[in-house]
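K.L.:
Quick one: the structure is below, questions incoming.
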Amino acid sequence: MSVMKRVRDITAATLNDRLERSEDPVRLIDQFLMSTKHEIVESEKLYQQVLMHANQLKNQVQQAESMRDKREQQALLALKADEEHVAKMALQEKMIHEEKAAQYGELYEQSKSTIIELEEQLSALKLEYQTVYDKRQYYVARMENIRIQQRMNQRTQAYGANSIPRMFNRLEDRVSDLELETRSLRDLKRMGQDMMYQAGTQIQGVLDRELDRLKQKLDNDRKE
């Protein structure tokens with residue numbers, strides 16, 4: 001069983017599923033990185049505590065072994081001096097330190113296994129963190145591309161090339177209308193002048209005929 005309790009709301013196993021449903025993947029990735037970073041920090045603290053504890057156990061084993069060996073040497077010296085009672089006392093203490101060394105030795109082996117497990121889990125956590133961090137940078141770049149494209153689309157809608165022809169089409173229509181109005185007014189004025197000219201010509205013809213008639217009348221009166 002893992003010595004580190006998983007406290008993250010988001011784990012690598014669930015991150016992909018949640019990313020597919022997320023509208024803001026970068027924010028979700030940041031939450032994952034934050035919780036993973038916190039777990040790494042807490043795990044490193046635990047790792048240091050286990051190392052310290054393992055060193056303490058190792059010292060206990062070394063001290064017990066040292067006292068075991070020392071009492072055995074004392075028992076030998078006592079036997080050489082024909083002090084069997086003292087030798088027995090030394091051997092009893094040797095057995096106590098020997099048992100202590102065995103007990104602390106077992107605890108020390110357990111702590112070494114815990115250290116190895118912690119190192120593996122820390123390496124896995126750091127790899128998770130680095131992998132997701134690299135992915136975050138990739139998604140940040142992609143999201144920035146999307147935002148840039150969206151801004152470009154907005155500018156194209158407001159000032160895009162398609163609006164230029166429409167703008168000039170409207171201008172062309174307006175100018176054409178003005179030209180038509182101008183031509184129509186000019187044609188009307190010309191038509192009025194032609195009508196006045198025709199009317200003037202007709203009147204002049206009538207006047208000339210009347211003048212000829214009067215001249216003829218005068219000639220007739222003179223002859224009489």
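K.L.:
Given a cut-off of 32 Å, name the pairs among LYS80/LYS100; LYS58/LYS88; LYS45/LYS94; LYS80/LYS112; LYS37/LYS100; LYS100/LYS126 whose C-alpha atoms lie farther apart than that in the structure shown.
P.N.:
Flagged as over cut-off: LYS45/LYS94; LYS80/LYS112; LYS37/LYS100; LYS100/LYS126.
K.L.:
I would also like to ask the following. With a 1.4 Å probe and every protein chain left in place, tell me how much accessible area GLU84 has, in Å² to the nearest 10.
P.N.:
110 Å²
K.L.:
Once you have the Cα-Cα distance between ASN153 and GLN63, take 0.36 nm times their residue separation minus that, and quote the gain in nm to one decimal.
P.N.:
Answer, rounded to one decimal: 24.7 nm.
K.L.:
Still on this structure, please answer the following. Tell me, what is the percent relative contact order of the range 70-152, built from C-alpha pairs under 8 Å that lie six or more residues apart?
P.N.:
Reported relative contact order: 18 percent.
K.L.:
To the nearest 10 square angstrom, what accessible area does ARG183 show with a 1.4 Å probe?
P.N.:
Per-residue accessible area (ARG183): approximately 110 Å².
K.L.:
In nm, to one decimal, how far is the LEU51 label point from the SER35 one, both placed 7 Å along Cα→Cβ?
P.N.:
With each label point 7 Å from Cα toward Cβ, the separation is 2.8 nm.
The values are calculated or read from the model by the stated rules, or taken from the named source; none is laboratory data. All values derive from a computational prediction rather than experimental measurement. Because the Cβ atoms are built from the backbone with ideal geometry, glycine has one as well, and the counts that use them run over all protein chains shown. SASA here: full protein model, heavy atoms, side chains in, ligands and nucleic acids out. Shrake-Rupley method; radii C 1.70, N 1.55, O 1.52, S 1.80 Å.
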